[in-house]
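The values are calculated or read from the model by the stated rules, or taken from the named source; none is laboratory data. Since this is a predicted model, take the numbers as computed values, not measurements. Because the Cβ atoms are built from the backbone with ideal geometry, glycine has one as well, and the counts that use them run over all protein chains shown.
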Amino acid sequence: MNYSRKILRSLQQLFRENQPQLFPLGETLRHYSLKDARYDFRAALNVALLALPQGMAYAAIADLPIYYGIICSIIAALIAPIFSSSKHTILGPTNATAFMLFSFFNVHPEIDVATKLSLIPVLVFMVGVFSIVGAYLKCADLIQYVSRSVLVGYLTGAAFLIMTGQFKHILGVSSELTSALNATDAPRNFFITIQKLGTLWRDYQWPPILLGLGTLATYLFLQKKLPAIPAFSITLALSSLIALALRSFSESFATLDMFQTFSAEAITPALPTFTLSSFTLLLGVAFSITFLASLENTVMAKNLSSRSGDRPDGNQDMFALGLANLCSSFLCPMPASGSLTRSALNFESGARTSVASILNALFCIAGFLLLLSFPIVSNIPKSALAGLVVGIAISLVNRHNIRICLYSTKDDAIVIIVTFLATLLMTRLDYAIFLGVALSITLFLRKASRPHLVEYEMNDEGTLRELAKKDHRANPAISIVHVEGELFFGAADLFRSQVQLTANDPNLKVIILRLKNARHLDATSVMAMEDLVEFMRKTGRHVLVSGATRDLYKVLKASGTLDVIQQGCRREEGETNLFIYSPSNPNLSTRDALIRAQHLLGTEEADIKIYYDPNQEKKA
């Protein structure tokens with residue numbers, strides 16, 4: 001009953017402390033000035049010119065109607081800044097989440113288009129709910145333990161997959177590739193798609209190839225030579241006008257595959273329709289998109305804050321991400337995440353506050369009304385937009401970050417390579433990213449679960465020094481073992497085995513465990529320590545603990561292991577086997593433990609002195 005109350009109090013404290021704010025934008029508005037408005041207005045206009053065509057591109061990546069991406073860009077950018085702590089992050093559809101959405105439905109060919117479109121709002125709603133719950137559970141704090149190598153490996157693999165997915169439009173074999181993939185039982189991964197594209201070479205069409213590659217080359221040229229202009233929007237508009245002219249003068253271009261226009265009637269608010277089967281089907285991919293969106297959002301906010309000097313709250317931003325997706329789900333768009341390109345453009349355009357995101361959403365609404373009023377969408381060739389999507393995918397391959405991950409440490413190299421290959425080989429990208437996360441955590445735990453154990457001796461000056469392997473202990477019956485590092489469950493077995501190696505010395509009678517720098521002692525390590533005490537005691541030997549911190553003492557006392565350690569001590573006479581660390585004299589507890597060890601051995605061989613030099617503290 002007492003344990004139940006403790007658990008309940010812990011949960012109440014968790015939900016009570018540092019809860020997300022419900023209206024952090026209010027603080028911004030109270031100090032908002034006309035000068036802020038001018039900077040935010042200019043930045044918002046620049047971002048809107050990128051957000052509209054990018055939204056269409058990301059919807060194309062997810063194989064959804066292109067207005068889904070536009071609506072997501074509007075709703076997410078409008079809702080998120082009301083609750084976000086970051087000033088510059090712009091939320092909306094992104095490459096990573098769009099392609100994860102595509103990959104999920106790609107491996108479920110039995111789901112027809114109508115069913116797919118009915119499942120999207122349910123999925124986005126689930127992402128919103130998971131993000132909000134995660135914000136209250138402080139899950140954003142855990143994201144910092146996920147290696148960036150996972151994200152770099154996933155984004156690099158996704159870039160290759162995105163390019164492969166757009167080749168069907170550039171080559172003009174979209175329907176043929178779909179039929180070829182449906183006719184095989186092989187998994188729909190990168191290599192199978194490339195192989196099927198290769199077998200369709202007789203069906204390649206030169207007009208979409210010419211337009212797609214020309215669009216890609218124009219975009220890359222403008223992006224490199226004129227980075228200040230909205231290259232994406234200009235290239236798409238230019239390619240569409242050229243295609244319109246060519247269709248009028250050439251029969252070959254008249255067959256170009258174009259996007260279907262849409263009307264306002266298709267965009268009506270509706271509640272997501274939940275069923276047990278849809279919830280079960282979407283559970284895994286909803287968790288994956290939530291994780292990926294939160295990771296993208298957190299990484300983007302931290303990158304921008306390092307340049308602006310702000311201090312964003314990851315859990316507050318996760319809360320904003322959840323509410324943005326929750327509101328978006330009622331208009332059936334895509335999952336929203338933190339956009340790398342739009343957020344960076346917003347910052348570089350001089351945005352002062354999160355109001356810039358709201359102004360950006362208003363500009364996007366105006367642009368969307370233009371698309372509804374004029375026949376613009378029906379004149380956008382799919383091959384032209386596919387060329388731009390390939391350009392975006394190329395920008396995802398960050399050679400600098402890849403080099404850092406490959407050459408920093410062996411573990412980072414393993415994580416990025418495995419995640420990259422899993423992304424190309426697996427049909428479900430949520431499985432690939434979970435594999436990368438699991439591998440990175442496993443390697444981290446392996447590294448963290450190796451406590452550093454060094455045997456020490458007391459020299460003639462009364463200070464501790466490391467005992468070299470070739471040296472012999474001055475008193476072969478006493479060993480001082482300095483334990484440094486993590487002592488959580490992952491380190492327990494290694495701690496046990498390393499200490500037992502020392503204990504196997506037949507001449508050894510007393511082990512002094514110096515735990516001043518040991519951290520995070522948990523139940524598994526406590527049991528390992530208890531086993532060591534009992535093992536030594538059965539053979540008439542002893543274990544003493546020195547340098548015990550207050551936290552370590554509390555763990556030993558609460559677990560009952562303190563009684564095991566103190567067994568045989570005449571406590572009423574002041575005897576003890578555990579010596580508390582003294583910050584004023586770091587070696588004092590070890591000196592007292594040595595005196596106790598000599599008392600247990602019945603010897604007074606040496607007059608033990610302690611010389612304390614504050615400069616030696618770290619060494620000691």
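Things worth noting here:
- Any hit, region 171-185, residues being assigned to a loop (DSSP other than H, G, I, E, B), closer than 23 Å to residue 100 by Cα and within 34 Å of the chain's Cα centre (by Cα): yes
- Test for residue 273: is it among the β-branched types (Val, Ile, Thr), under 27 Å from residue 338 (Cα atoms) and assigned by TED's automatic domain parsing to the domain that holds residue 47: yes
- Residue list for region 39-95, restricted to those being under 16 Å from residue 120 (Cα atoms) and acidic (Asp, Glu): 63
- Matching residues in region 42-92 - criterion: being closer than 21 Å to residue 314 by Cα and β-branched (Val, Ile, Thr): 75, 79, 82, 89, 90
- Residue among 138, 116 that is among the charged types (D, E, K, R) and under 20 Å from residue 324 (Cα atoms): 138
- Any hit, region 304-314, residues being at pLDDT 80 or above, touching a Gly at 6+ places or on another chain (Cβ under 6 Å) and either farther than 25 Å from residue 65 by Cα or of a type in the set (Phe, Trp, Tyr) (or both): no
- Which numbered condition residue 403 fails, given (1) more than 21 Å from residue 223 (Cβ to Cβ); (2) in contact (Cβ under 8 Å) with a residue 24 or more places away in the chain; (3) in a helix (DSSP H, G or I): (2)
- Count - residues of region 136-173 that are polar (S, T, N, Q), within 16 Å of residue 57 (Cβ to Cβ) and in contact with a Ser or Thr (Cβ under 7 Å, 6 or more places away or on another chain): 1
- Region 369-399: number of residues that are within 28 Å of residue 85 (Cβ to Cβ) and either not aliphatic (A, V, I, L, M) or not in a helix (DSSP H, G or I) (or both): 2
- Considering 551, 592, 563, the condition of being crowded, with 18+ Cβ neighbours inside 10 Å and assigned to a helix (DSSP H, G or I) is satisfied by 592 alone.
- The residues listed here are 368, 330, 319; of these, the one that is assigned by TED's automatic domain parsing to the domain that holds residue 57, at pLDDT 85 or above, over 22 Å from the mean Cα position of the chain (by Cα) and surrounded by 19 or more Cβ atoms within 10 Å (Cβ to Cβ) is 368.
- Within region 563-583, residues that are assigned by TED's automatic domain parsing to the domain that holds residue 531 reach partners that are hydroxyl-bearing (Ser, Thr, Tyr) and part of a loop (DSSP other than H, G, I, E, B) with beta carbons closer than 6 Å, at six or more positions or on different chains, in the pairs 569/576; 581/549.
- Failed item in (1) more than 24 Å from the chain's Cα centre (by Cα); (2) crowded, with 21+ Cβ neighbours inside 10 Å; (3) in a helix (DSSP H, G or I), with residue 152 passing the rest: (1)
- Scanning region 359-383 for residues that are in contact (Cβ under 8 Å) with a residue 12 or more places away in the chain and over 20 Å from residue 230 (Cβ atoms) yields 372, 375, 378, 382, 383.
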